[in-house]
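The values are calculated or read from the model by the stated rules, or taken from the named source; none is laboratory data. The structure presented is a predicted model; accordingly, all values stated were derived computationally and were not measured. Because the Cβ atoms are built from the backbone with ideal geometry, glycine has one as well, and the counts that use them run over all protein chains shown. We work out accessible area using only protein heavy atoms, side chains counted, and drop any ligands, DNA or RNA first. Shrake-Rupley method; radii C 1.70, N 1.55, O 1.52, S 1.80 Å.
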Amino acid sequence: MFEPETRLLAPETGEDYHFPFSPYDIQLDLMKSLYTVAERRQVGIFESPTGTGKSLTLTCGVLSWLRDHEALVERELTRKIEQLREDITRLERETAGASDWITGQYETMGFKKQLVELKGTKDLMDEYNKRLLELKQKTLKVKKKRRFDSAKVKDKVDEQLSKGEVEKMALEDGDDYMVQDSDDDDEDIETGEEDKTLKYKPIQVIFCSRTHSQLGQVVNEIRRTEFGKWVRLTSLASRQNFCINPEVRKLRTNALINERCLELQKNKGKATVVDEIKKAKKKRKVVDKCPFYNKQAVEDLKNDALFEVQDIEELVMFAKQEQACPYYASRAAIPDSQLLMVPYQNLLHHKTREQTGIDIKNSVIIIDEAHNLLDTIAAIHSQEISAEVLEQARLHLNAYKTQYFARFSTKNLLKINQLLFVATRLCKLLHLQGGDKSSTSRMISPIDFLTEADIFNLNIQELLEFADKSRIAQKVHGFVQSCPHALERDEVKPRPKTKTLTTTKNFLKQLEKDVVTDEKKSAKKAEVEDSKEHPLLEDSTPQKPLVNAIRPLLSFLECLAEDFDDGRVLLSFDGKEPKRSSMKYLLLNPGARFEEILNNCRALVLAGGTMQPVEELTEQLFKGCPDRVVIKSYRHVVPPDAVLPLAVARGPGGNELLFNFANRQKKELLNEITSTLMNVCHAVPNGIVAFFASYDYLELFYANLKESGRLAALEERKRIFKEPRGGGAACVEKMLSEYARAARGHCSGKQTGALMLSVVGGKLSEGLNFSDELGRCVVVVGLPYPNRNSPELMERMRFLDRSLGPTAGNEYYENLCMKAVNQCIGRAVRHIRDYASVVLLDARYCSNEKVQKKLPSWISEGLQSASRYGQAQGSLIKFFKNKAAKNESQ
């Protein structure tokens with residue numbers, strides 16, 4: 001990759017960044033800082049409160065740099081080539097006839113070598129740009145203006161599917177499910193064919209965020225700018241988000257959709273006729289061939305997506321019209337994209353990143369909503385597997401091995417037996433130690449775990465390579481789905497006798513003794529009469545789809561194959577329900593997994609509305625490169641008088657508000673919360689959102705509220721909503737819609753708005769927008785410290801104490817609490833004309849300077865501590881009276 005000698009300087013005005021309107025000072029400074037970070041190969045940590053236009057600022061800043069950098073590379077490359085040609089000509093002229101011609105020739109050879117390399121790079125760049133230009137012209141030429149109704153498109157797709165456009169294939173003899181010696185005939189759909197042709201690779205920008213909805217918002221922001229006219233943008237997502245095959249989408253879970261998609265891709269050719277003799281011998285499962293995986297249609301859809309900025313929903317709409325798979329089209333567009341929009345998993349997990357085809361080398365990476373980056377990395381690289389899933393994996397592998405035993409090669413049989421041995425030993429480990437009726441847990445190191453499970457002598461890495469190459473998880477899953485009755489056999493099929501057994505066969509026979517089924521089914525289910533009469537027909541009774549039990553087992557083994565010092569294994573035993581016992585691999589050192597990204601990317605930007613405290617990021621992720629790190633924290637765009645932050649030490653009844661473990665269940669404190677909320681509801685108009693430490697504590701408060709008879713009095717002032725512990729997205733959306741209507745004044749009687757009772761870390765504490773009337777006040781009850789006796793938390797704290805110092809674990813514990821509080825605070829004040837109050841109910845917010853320092857700067861700088869609640873009530877009344885008067889005057 002050619003790197004220009006000239007350094008770019010960040011532009012000074014908003015017009016240079018193509019910002020769609022005049023930027024605020026903090027927005028301009030953030031764009032300049034990001035531009036400099038990308039140019040100087042640095043690491044930027046930027047805190048910009050929600051409502052400051054952070055996403056638009058980030059994209060304008062980085063795309064301005066990308067535009068200028070691409071132009072600079074082209075200019076500098078051309079200039080360098082011309083300069084080398086001149087230098088070569090000059091040296092050849094000077095050395096002609098000179099006495100010291102050897103030195104001159106040596107210098108000339110060096111220049112010629114540089115010239116060949118740079119010309120090669122220039123030729124590849126020109127070829128790349130020419131191909132893109134031709135592709136764009138071709139795409140624009142054939143593209144028609146699309147105006148269509150999504151409902152009509154869906155009807156069209158369903159009609160075509162019903163007419164038989166989905167090809168049917170009968171799987172002959174089940175050979176597609178058997179592991180072969182070499183699976184070269186099965187194309188690896190996940191990784192695709194490797195193209196070794198030398199190509200020019202421009203710098204890519206990878207924008208990463210937590211949810212697809214957040215990425216979609218960023219795409220819409222880009223469309224508002226000049227960059228939307230030329231940037232090649234691709235949004236990546238899972239099959240669950242992209243799949244347009246109605247038969248596959250019915251499966252609902254991502255794991256089942258993935259399995260079904262891969263199963264459909266391997267089917268080639270057209271349906272074949274199975275002769276009647278074979279029909280009588282064996283049932284066949286008829287499998288669909290996906291009509292949307294058409295390579296030419298996928299290629300056309302990819303080209304359309306490259307030259308027109310689209311979010312996920314729009315790409316799916318176009319894909320339905322074009323009858324092409326948007327999942328594979330988006331992946332095909334990755335190499336030619338300038339800007340990739342990816343969720344956390346696709347970037348932070350090494351294997352997922354490789355399978356998706358994302359190359360992070362020399363890229364500029366922006367991770368938005370990065371306040372929980374450490375916990376996200378740890379969660380992505382941790383894996384839990386239950387005793388029930390392990391037992392299923394054991395049964396599935398055993399049935400699979402029994403079916404194909406006589407046809408496996410010795411090598412493949414060895415690996416399958418090893419997998420079966422691992423599944424059996426892990427099952428026994430949970431059953432043996434979970435024998436009593438109590439529920440216990442213990443934490444052990446991976447090496448001790450391997451020893452206790454008696455699998456320390458197996459080469460797990462080789463086993464994983466075999467599983468990956470043979471696609472054993474997919475094949476076993478396909479087999480048990482096609483032959484569910486194989487799992488119900490009372491006895492193992494007799495194996496064909498052989499005259500001689502090799503040493504390897506003897507070893508396999510010995511291994512098999514360890515994996516014989518301990519329990520047998522009590523009775524064999526009767527075959528359905530229709531199935532007996534018609535072997536080709538499946539049982540008409542709808543059956544629950546079988547979950548792939550092999551993939552979780554392999555994911556758990558992948559964790560064990562990593563560095564032993566970075567993780568622990570938590571064994572949890574449930575004496576009452578043994579099948580709920582589990583083993584979980586915990587990643588303790590997120591920095592080790594993040595190091596690959598840090599070392600390969602050109603520049604890295606971590607951004608969020610509440611990044612405090614940033615010290616744990618620098619200590620755990622960037623300890624080896626402190627010189628590269630640039631940290632900036634910006635104030636909110638709203639004026640200081642638009643936010644009223646209050647810390648309250650005592651309630652209206654005079655009791656100290658100290659919500660620690662010993663006090664928080666006392667009736668006096670529960671009654672103080674009620675009295676405080678009643679006072680707040682009288683002072684604050686429209687919507688109020690109150691956050692409690694947990695669902696259990698919210699339920700305790702609500703039960704006390706009803707028992708005390710004060711619920712009716714509270715409802716006279718505000719309509720009460722309570723965040724449900726369960727319920728899906730539709731349930732939450734309905735509740736939020738009703739809350740918004742009530743908060744804006746559509747209430748009954750004397751009600752002046754709505755009160756939402758929510759949970760810290762729940763469905764409403766992150767990613768939701770309580771702007772304007774929806775959130776005139778945010779109340780945080782107590783400090784939501786996590787359970788310190790949790791085995792996982794205790795082990796993480798011990799690890800941090802060992803690696804970073806004796807106080808690092810406790811610092812991490814406090815940071816977990818304060819990051820959760822800061823997320824709740826960020827739900828209100830979402831734009832420059834918004835205003836709200838923030839009420840923090842706990843004496844520690846008043847007295848503990850360490851707690852105050854970890855609040856966002858736009859809160860801590862103006863925080864008013866009230867030793868008595870009356871002081872806070874007076875401030876609230878005055879604040880909202882001033883705002884009402886100001887609004888009336890405007």
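Within the stretch 19-50, restricting attention to residues that are assigned to a helix (DSSP H, G or I) and in contact with a helix residue (DSSP H, G or I) (Cβ under 7 Å, 6 or more places away or on another chain), the residue that is surrounded by the fewest Cβ atoms within 10 Å (Cβ to Cβ) is Glu39. Applying the condition of being of a type in the set (Lys, Arg) and open to solvent by 50 Å² or more (accessible area, probe 1.4 Å) to the stretch 203-233 and asking which residue is nearest to Val73 (Cα to Cα) yields Lys229. The residue list Arg650, Arg593 contains one member that is farther than 19 Å from Cys824 by Cα, open to solvent by 50 Å² or more (accessible area, probe 1.4 Å) and in contact (Cβ under 8 Å) with a residue 60 or more places away in the chain, which is Arg650. Could you tell me whether Asp641 is open to solvent by 40 Å² or more (accessible area, probe 1.4 Å), under 30 Å from Val62 (Cβ atoms) and charged (D, E, K, R)? The answer is no for Asp641. Residues that are buried (at least 21 other Cβ atoms within 10 Å of the Cβ) and not in a helix (DSSP H, G or I) within the stretch 803-829 comprise Gly826, Arg827, Ala828, Val829, listed in sequence order.
Any idea which of Leu373, Leu348, Leu340, Leu430 is in contact with a strand residue (DSSP E or B) (Cβ under 7 Å, 6 or more places away or on another chain) and within 30 Å of Ile244 (Cα to Cα)?
So the residue among Leu373, Leu348, Leu340, Leu430 that is in contact with a strand residue (DSSP E or B) (Cβ under 7 Å, 6 or more places away or on another chain) and within 30 Å of Ile244 (Cα to Cα) is Leu340.
Remark: pairs (first residue in the stretch 10-33, over 15 Å from Glu221 (Cβ atoms) and touching a residue at least 24 places away in the same chain (Cβ under 8 Å); second residue hydroxyl-bearing (Ser, Thr, Tyr) and surrounded by fewer than 17 Cβ atoms within 10 Å (Cβ to Cβ); Cβ separation under 7 Å; 6+ apart in sequence or on different chains) are absent.
Filtered by the rule that a residue be part of a loop (DSSP other than H, G, I, E, B) and not hydrophobic (A, V, I, L, M, F, W, C), the stretch 198-219 gives Lys199, Tyr200, Lys201, Pro202, Gln204, Arg210, Thr211. When every residue of the stretch 393-415 is checked against the conditions, at least one turns out to be in contact with a Pro (Cβ under 8 Å, 6 or more places away or on another chain) and either at negative phi or of a type in the set (Lys, Arg) (or both).
Can you name the residue in the stretch 636-691 that is among the basic types (Lys, Arg) and outside any strand (DSSP E or B) and, of all such residues, is farthest from Leu705 (Cα to Cα)? Applying the filter and picking the extreme gives Arg664. Flag: Cys731 does not match the condition of being open to solvent by 10 Å² or more (accessible area, probe 1.4 Å), among the hydrophobic types (A, V, I, L, M, F, W, C) and touching a Lys or Arg at 6+ places or on another chain (Cβ under 7 Å).
Counting just the residues of the stretch 320-338 that are under 24 Å from the mean Cα position of the chain (by Cα) and over 30 Å from Ala71 (Cβ atoms), which one comes out least open to solvent (accessible area, probe 1.4 Å)?
So, considering only residues that are under 24 Å from the mean Cα position of the chain (by Cα) and over 30 Å from Ala71 (Cβ atoms), the one least open to solvent (accessible area, probe 1.4 Å) is Pro326.
Among the residues of the stretch 377-420, those identified as closer than 26 Å to Asp566 by Cα, open to solvent by less than 20 Å² (accessible area, probe 1.4 Å) and in a helix (DSSP H, G or I) are Ile377, Ala378, Ala387, Leu390, Leu419.
Residue check: is Val62 hydrophobic (A, V, I, L, M, F, W, C) and in contact with a strand residue (DSSP E or B) (Cβ under 7 Å, 6 or more places away or on another chain)? It is true that Val62 is hydrophobic (A, V, I, L, M, F, W, C) and in contact with a strand residue (DSSP E or B) (Cβ under 7 Å, 6 or more places away or on another chain). Candidates Leu800, Leu793, Leu840: the one that is under 23 Å from Gln871 (Cα atoms) and not in a loop (DSSP other than H, G, I, E, B) is Leu840. Restricting attention to the stretch 832-890, the residues that are surrounded by fewer than 20 Cβ atoms within 10 Å (Cβ to Cβ) and β-branched (Val, Ile, Thr) add up to 2. Every listed requirement among (1) charged (D, E, K, R); (2) over 10 Å from Ser64 (Cβ atoms); (3) in a helix (DSSP H, G or I); (4) open to solvent by 60 Å² or more (accessible area, probe 1.4 Å) is met by Asp16 save one, (2). Kindly establish whether Val342 is under 24 Å from Ile367 (Cα atoms), among the β-branched types (Val, Ile, Thr) and open to solvent by less than 20 Å² (accessible area, probe 1.4 Å). The answer is yes for Val342. Of all the listed residues (Ala305, Ala271, Ala297, Ala280), the sole one being closer than 30 Å to Glu322 by Cβ, open to solvent by 50 Å² or more (accessible area, probe 1.4 Å) and either at pLDDT 90 or above or small (Gly, Ala, Ser) (or both) is Ala271. Taking Ser64 as the residue in question, decide whether it is crowded, with 19+ Cβ neighbours inside 10 Å and over 26 Å from Trp230 (Cα atoms). Taking the combined requirement at face value, the residue does not satisfy it.
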